[in-house]
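These notes are about the structure you will find just below.
Just so you know, all these numbers are worked out from the coordinates, no wet-lab data involved. Just so you know, these numbers come straight off a predicted model, no measurement behind them. Cβ atoms come from the backbone with ideal geometry, glycine included; neighbour counts cover every protein chain shown.
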Amino acid sequence: MKALLRLIGLVLLAGAALQFYFVGRIAVMAAVNPESTAFERSEIYRLASTTGSIKWRQQWVPYSQISNHLKGAVIASEDATFVDHDGVDVEALEKAWDKNAKAEQRVLQSAPRPPLQKSSGNATKSPFKPAAKPPKIVGGSTITQQLAKNLFLSGERTLLRKGQELVLTLLLEALLSKERILEIYLNNVEWGEGVFGAEAAAQHYFRKPASKLSAFEAARLAVMLPRPKYFEARPNSGYLSSRAGTIAARMGGVEIP
């Protein structure tokens, strides 16, 4: 029993030490730009192991050198209440939960029915539907939550990891300003294969600095964020253009820190 209690104590102590480590790392970020994120490091490893070479585009630019169009477009697309919440948008999470539950219910209703039992020596089977596709999971993550995940966490989806993401999100909000959170996010978010940050994205897609992006160009970049590699390979996607128009129209209604 004593050994078990000692083990539990050591686990709790290690957990507390990890949180203090995160506090220190985030506090430093108030003045020092992060050299890389956990997600970027995992992408470097993936590219090196699969292609044998690393094509990397990233250049940090100050907040003032990122177009307000891009700031507004990303907020409008990813987190409309960014300046108002404390890191977690409860209403967005509730909507995402409800949407996911409805999607799962539709899949269950369209699931294949088992064949009928044999009767009187004759096999009678019902038409067998093809297996239903798994539901598309919709997230309710805020910009701060996405930054917390990209900075420190792996891509696994476990309850423990989600709990750590929440703690990191609250720490980011407590120790950094909204402006700084958005600055770090825009300089490190993925915009394509080996393309990270607003400056690299602006140069890669439009051959111009991030400070010169137009409203529609910024909207196109914002729409790419959930699936950057997918849209990088489909630059003429009708959805991309249509959705960019919607985001461009919403940009005037969001507040930029």
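A few remarks follow.
- Value of Rg to Rh for the stretch 186-257 (Rh from inverse mean 1/r over Cα pairs, i.e. Kirkwood): 0.94
- Evaluated over the stretch 1-96, the Cα radius of gyration and Dmax, each in Å: 20.0, 61
- What the Kirkwood sum gives for the stretch 134-257 is a hydrodynamic radius of 15.8 Å, with every pair of different alpha carbons counted.
- Counting neighbouring beta carbons within 10 Å and listing from fewest to most, the residues Leu147, Leu159 come out as Leu159, Leu147.
- Compactness ratio for the stretch 159-225: Cα radius of gyration over 2.2 N^0.38 Å (N = residue count) comes to 1.33.
- Cβ-based net charge around Ala248, under 10 Å, with every Lys or Arg adding one and every Asp or Glu removing one: +2
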